[in-house]
1. Counting only residues that are modelled with pLDDT under 95 and part of a helix (DSSP H, G or I), how many does the range 17-68 have?
2. Is it the case that Gly14 is more than 16 Å from the ligand (Cβ to nearest atom), part of a helix (DSSP H, G or I) and more than 23 Å from Gly253 (Cα to Cα)?
3. How many of the residues making up the range 125-148 are surrounded by fewer than 19 Cβ atoms within 10 Å (Cβ to Cβ) and either within 16 Å of the ligand (Cβ to nearest atom) or within 21 Å of the chain's Cα centre (by Cα) (or both)?
4. Does Tyr240 count as closer than 26 Å to Lys278 by Cβ, surrounded by fewer than 24 Cβ atoms within 10 Å (Cβ to Cβ) and within 15 Å of the ligand (Cβ to nearest atom)?
5. Of all residues being crowded, with 20+ Cβ neighbours inside 10 Å and outside any helix (DSSP H, G or I) in the range 164-189, which is nearest to the ligand (Cβ to nearest atom)? Just the residue, please.
6. For Asp161, state whether it is away from the ligand (no atom under 12 Å from the Cβ), under 23 Å from Met62 (Cα atoms) and either surrounded by fewer than 24 Cβ atoms within 10 Å (Cβ to Cβ) or among the hydroxyl-bearing types (Ser, Thr, Tyr) (or both).
7. Being within 15 Å of the ligand (Cβ to nearest atom) and either of a type in the set (Lys, Arg) or surrounded by fewer than 19 Cβ atoms within 10 Å (Cβ to Cβ) (or both) is the filter here; which residues of the range 22-59 pass it?
Amino acid sequence: MPDNDSNVQGKNYGIGIPQKTEGYFLKGNAHIDWGMKDRLSRIFSPKSGHTVMLAFDHGYIMGPTSGLERIDLTITPLLEYADCIMCCRGILRSVIPPTYNKPISLRYSAGSTILTYLNDECLLDVEEAVRLNASLLACMVAVGDPKHEALTIRNLTKMVDLGTRYGIPSLGVTAVGKELVRDARYLSLASRVCAENGAHVVKTYYCEENFEQVTNSVPVPIVIAGGKKLPERDALEMAYRAIDQGAAGVDMGRNIFQSDAPIAMLKAVRAVVHEGFKPDQAFELYQTLKNQ
Ligand code: 5RP
């Protein structure tokens, strides 16, 4: 029990000094709750404002993608170099050691595969996300897909509601699909729809022309997927341009785990995203690390 007799009267009240009220470093997220900010600050570096997320959730629609056949052998060695990992619950439980303490962007929607129609999806239970200590919930949003647009936007709004109940922020992922073009007009429309419906972060693709239109028309941070494997120099150039044009990070998969030297590539991407390395500098770093 506290002893009332020895309770020393406080006297350092800082009278005349206004209480510090810190802002929040992530675009569009100044008014969200404390727990959400704490989770986002584990994903995005408060120092650089950026993130390097490692995505290896591809199996949920593509099966054993090249480079992901044995995640214990190819992905586990990369974990320590990622700011956040994006994966499905099955791989998380079965393969990923819980000792790395990396924030998890949990693939929160599932339903169909590349063998049928993509994006016919439902959501997981939110209690499952809590059990797995997810820091971000991710679902696919197929804007412009005649069959699944409404379903996936409903999924996003539901996910945001459920996550908000437990202080877990949401990532809207602009969907992949054969018919969906990836130009600035489409990407800004799809990304904006995600943000308008409550996504705290949006994952989309980089486009060569007018990518700034995408980052400027979306009021929350954008992270880019890497897409199909490119030569390393080109992938580093894409990451550089995306950050230079306003993206807050990358959520990259194949361009890292399908690289000839995945750890070197991940470190080079980090140098671009967090330290502002130019593409040539980053490629030189990649080659040096690869040859060590
Ligand atoms: C698919 C995804 C993937 O995680 C995403 O595409 C990232 O991987 P990659 O860099 O290989 O494109 O969200 O919907």
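1. Summing the residues that are modelled with pLDDT under 95 and part of a helix (DSSP H, G or I) in the range 17-68 gives 4.
2. For Gly14, the condition - more than 16 Å from the ligand (Cβ to nearest atom), part of a helix (DSSP H, G or I) and more than 23 Å from Gly253 (Cα to Cα) - is not met.
3. Residues that pass the stated criteria total 8.
4. No: the conditions fail for Tyr240.
5. Val173
6. For Asp161, the condition - away from the ligand (no atom under 12 Å from the Cβ), under 23 Å from Met62 (Cα atoms) and either surrounded by fewer than 24 Cβ atoms within 10 Å (Cβ to Cβ) or among the hydroxyl-bearing types (Ser, Thr, Tyr) (or both) - is not met.
7. Of everything in the range 22-59, just one residue is within 15 Å of the ligand (Cβ to nearest atom) and either of a type in the set (Lys, Arg) or surrounded by fewer than 19 Cβ atoms within 10 Å (Cβ to Cβ) (or both), namely Gly59.
One line per residue, one yes/no per condition, for (1) in contact with a Gly (Cβ under 7 Å, 6 or more places away or on another chain); (2) β-branched (Val, Ile, Thr); (3) at pLDDT 95 or above; (4) within 13 Å of the ligand (Cβ to nearest atom):
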residue: Ile114; (1), (2), (3), (4): no, yes, no, yes
residue: Tyr117; (1), (2), (3), (4): no, no, no, no
residue: Asp120; (1), (2), (3), (4): yes, no, no, no
residue: Leu123; (1), (2), (3), (4): no, no, yes, no
residue: Thr152; (1), (2), (3), (4): no, yes, yes, yes
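The values are calculated or read from the model by the stated rules, or taken from the named source; none is laboratory data. Since the model is a prediction, treat every value here as computed from it, not as a measurement. Glycine gets a Cβ as well: all are built from the backbone with ideal geometry, and neighbour counts include every protein chain shown.
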